[in-house]
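Presented below is the structure to which this report refers.
Where a number appears in this text, it was derived from the coordinates with a stated rule and is not lab data. Predicted model, so just to flag it, every value in this text is computed and none were measured. Neighbour counts run over all protein chains shown; Cβ positions are idealised from the backbone, glycine included.
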Amino acid sequence: MNQVKLINGVELPQIGLGTWQITDRSQMVEVVSNAYDVGYRLFDTAAAYSNEIALSKAITEKGIAREAYILSDKVWNTSRGYRAVQEACHKSLKKFKTDYFDLYLIHWPASMKLYPDWEEINEDTWRGMEQLYKDGLAKAIGVCNFKIHHLESLKKTAEIMPMVDQVELHPGLNQNELLEYCKVNDIVVEASSPLGNGQILNNENLQMIAENKKKTVAQVCLRWGLQKGSILIPKTTNVGRMQENFDIFNFSLDKKEMDAIDKISYCGGIGIDSDEVEEFG
Ligand code: A2P
């Protein structure tokens, strides 16, 4: 399993299991058990997914020692600010009966459409994240859905810059500009919805490449993301697809194939713009 090293030396597996939309407790037990057996060690959740307790119980039921898995969680928008973010983190840690997250992320930047003082809000929340890191409650800290201007704004006051930016990234949304910025600034990009939420799998260009490679479209999408250096957290509840998504280390895409996938015009996915969004604040 490939590992990605963050700026502070923490290493994360390049493939993890996304748990968004998995809320059923008995299903979670089966999902975590199967994922662990397949080889997944990174579990990505969020306070907003309403599945922290289900995930926690599933991990306990599987009997996985704390140091044997990587736990990533996110603070929700209702807990912005220096104090609130720390309280939220403590609350989530309690649900997992653990005293640290391997990675703790801000779920969304404050939207400039809703908040004229979005920069101050993000700065203040980030100060709380830095405190959590200094206190050892998060081994690494980062953000989600931050665009370049959000990161540049944080730079003005941050003592420690985000180590990870988790964003929607998949063929049809290549995020090349952000990837380049993050490379220069030592931020690892983590791809949420690396399969475009399952909506890009019937794309003809991808199907052609997959046929040539004798791989599935999902594997081609993930391999493309892997070669871009991003961490991938595909979500599936199906053990066969877990295996399929994990089995991407024995082939590679050449430059022509990478470029062709880069050129796929916008398609699939979640498509929430962190500047435009209103309902998420
Ligand atoms: P399922 O859970 O039924 O497998 P993303 O990670 O981009 O959000 O995509 C998740 C969606 O893609 C889910 O609907 C999931 O459905 C589906 N999916 C995950 N892996 C595969 C795969 N290898 N082949 C087809 N669909 C997949």
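Taking a Cβ cut-off of under 15 Å around ASN2, the surrounding Lys, Arg, Asp and Glu residues balance to a net charge of +1, with basic ones at +1 and acidic ones at -1.
Under a model in which nothing but the beta-carbon of Lys, Arg (+1) and Asp, Glu (-1) is charged, the stretch 10-167 shows a dipole of about 260 debye around its Cα centre. With +1 on each Lys and Arg Cβ and -1 on each Asp and Glu Cβ, and nothing else charged, work out how big the dipole of the chain is about its Cα centre, in Debye to the nearest 20. So the magnitude is around 760 debye. Under 5 Å from the amide H of LEU42 lie the amide H atoms of LEU17, ILE70, each residue being 5 or more positions distant or on a separate chain, with H modelled from the backbone and absent for Pro and chain starts. Binning all Cα-Cα separations of the chain at 10 Å, short to long from zero, yields these whole-percent fractions: 7, 30, 37, 22, 5, 0.
Prolate is the label for the stretch 151-244, because the ratio a/c of its alpha-carbon gyration tensor axes (a ≥ b ≥ c) is 1.5 or higher and a/b is greater than b/c. Peptides 147-153, 107-113, ordered by how many other C-beta atoms sit within 10 Å of their residues on average, highest first, read 107-113, 147-153. Taking a straight Cα-Cα cut-off under 19 Å and skipping sequence neighbours fewer than 8 places away in the same chain, the aspartates and glutamates within cross-link reach of LYS213 are GLU204, GLU244, ASP247, ASP254, GLU257, ASP259, ASP262.
Judged by the gyration tensor of its Cα atoms, with axes a ≥ b ≥ c, the stretch 10-167 is prolate; a/c meets the 1.5 cut and a/b is the larger of a/b and b/c.
Just report the Cα centroid separation between the stretch 8-52 and the stretch 179-195, whole Å. Distance between centres, Cα-based: 20 Å. Within the chain, antiparallel bridges make up roughly 15 percent of the DSSP beta bridges whose residues both belong there.
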